[in-house]
Amino acid sequence: MRKILFIIGMACLCLAAQAQCIKKSPAFKADGTFKVMQFTDTHIRTFNVEEAQEVYDRIDHMVKAEHPDLIVFTGDIVLVRPAAPEWKRLVNALDSYKIPWVIVFGNHDAEQDLSRAEMSSIIASGKYSLNTLNEAGELADIEIPLASSKGGKAPFYIYAMDSHDYAWIDGERYYAWFTDAQVQWLRNSCLARTDADGKVAPSMAFFHIPLREYIDAWSEEENPREEAANSDLTWGVRGEKVCAGAVNSGMYAAMLETGSIIATSVGHDHCNDFMAAYHGILLCYGRYSGGDTTTNYFPHGVKIFKFFEGTRNLETWVREDDDRIMFHGYYDGKKITRAKRTDRRQPFGTWQDIEIPE
């Protein structure tokens, strides 16, 4: 009997150790680099089997081509009823790569037949999911420390935050914004990572709905749209207006004042794929990752961000379905330096302010 209890106890300890290992923070590789792959607006709809399979094939191809250290989904992911089977399929697919992953909701995810809490429970059940639940049982805003390749204090942090969906003002519906509690949480979290010398650890934030500063970053006099193709502050395409939250919550100001956030990346606007250096923060869009289920001007793909341990620099690019690399550049906290082109496609960056037909 003792032997049986001992075996059971050891099995439980092994399972607990395994779970702890799976849930532990991702880490910089031995070469001091860390790569994040962003999927956004996958719009998985299983009433068209081919469209849904296209998304899973894209995920599989991109993960195997890029070997990311962390996978991030920035909202509008499963848009079908019943939604539960497809969320479970996605969780199982992501777990199969044995790579840490995290999800934030978009404005369309809760429009199906599952509540936010029901979706969150499925997402957080993933073995490699870094998502946690808040008091309401929904996905919590989280801080993900990236462990050092050399041991010691984490040198970089990733924030995954809920930008919500809709809000009503005087009977009119608008896109929502971050709450004051979220702003204070982000501010306090960043400042808590200040070392004895007063140096704050760098970080990047992912969410779905762009901040209102995205509008300013592309149209500000210092970042003129007509010169964007030749600017070291802006690069990419604005194919539609920036559909930001209706109210400026002060989130960008908090990011700027802490000195921690070096970049943000969102989804939401399928025909926008630009990056803009705005007062020391690189404001980015992910590449639309869904199928031909909604308006989109770009070849489908993913956005990649690569960080370098001990620096505030990043490298970023888009990988398209045919493996062409687009918008490949470097950001040093001040300006964008474009990488030498390796393909011969006419860059989308020569298109400026494409107007979407009504």
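The values are calculated or read from the model by the stated rules, or taken from the named source; none is laboratory data. What you see is a predicted model, and the numbers here were worked out from it, not measured in a lab. Methodologically, a virtual Cβ is constructed for each residue, glycine included, from the backbone with ideal geometry; neighbour enumeration extends over all protein chains shown.
Check ASP165, ASP141 and return the single one that is under 30 Å from THR311 (Cα atoms), touching a helix residue (DSSP H, G or I) at 6+ places or on another chain (Cβ under 9 Å) and modelled with pLDDT of 95 or more.
Details: ASP165 fails: under 30 Å from THR311 (Cα atoms).
Checking each option against the conditions leaves just ASP141.
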Task: Filtered residue count, the stretch 193-210, keeping only those that are closer than 19 Å to SER148 by Cα, out of contact with any helix residue (DSSP H, G or I) (no Cβ under 8 Å at 6 or more places or on another chain) and either assigned to a strand (DSSP E or B) or in contact (Cβ under 8 Å) with a residue 60 or more places away in the chain (or both) - done: 4
TODO: Only one of these is at pLDDT below 95, acidic (Asp, Glu) and in a strand (DSSP E or B): ASP273, ASP232. Name it.
DONE: ASP273
Open item on the list: Any residue at all in the stretch 64-84 that's closer than 17 Å to HIS300 by Cβ, acidic (Asp, Glu), touching a residue at least 24 places away in the same chain (Cβ under 8 Å) and in a helix (DSSP H, G or I)?
Closed with: yes
Open item on the list: I'd like to verify a number: residues in the stretch 248-272 that are under 20 Å from ALA160 (Cα atoms), touching a residue at least 24 places away in the same chain (Cβ under 8 Å) and either acidic (Asp, Glu) or surrounded by fewer than 21 Cβ atoms within 10 Å (Cβ to Cβ) (or both), how many?
Closed with: 8
TODO: List the number of the failed condition for ARG45; all other conditions in (1) surrounded by 14 or more Cβ atoms within 10 Å (Cβ to Cβ); (2) at pLDDT 95 or above hold.
DONE: (2)
Open item on the list: Six or more apart or on different chains, Cβ atoms under 6 Å: show the pairs whose first residue is in the stretch 285-309 and at pLDDT 90 or above and in a loop (DSSP other than H, G, I, E, B) and whose second is aromatic (Phe, Trp, Tyr) and surrounded by fewer than 24 Cβ atoms within 10 Å (Cβ to Cβ).
Closed with: GLU309/PHE28
Open item on the list: Can you tell me which residue is nearest to GLN38 (Cα to Cα) among those in the stretch 123-139 that are aliphatic (A, V, I, L, M) and crowded, with 20+ Cβ neighbours inside 10 Å?
Closed with: LEU130
Open item on the list: Quick check on the stretch 251-262. Is at least one of its residues more than 27 Å from LYS153 (Cβ to Cβ) and in a loop (DSSP other than H, G, I, E, B)?
Closed with: no
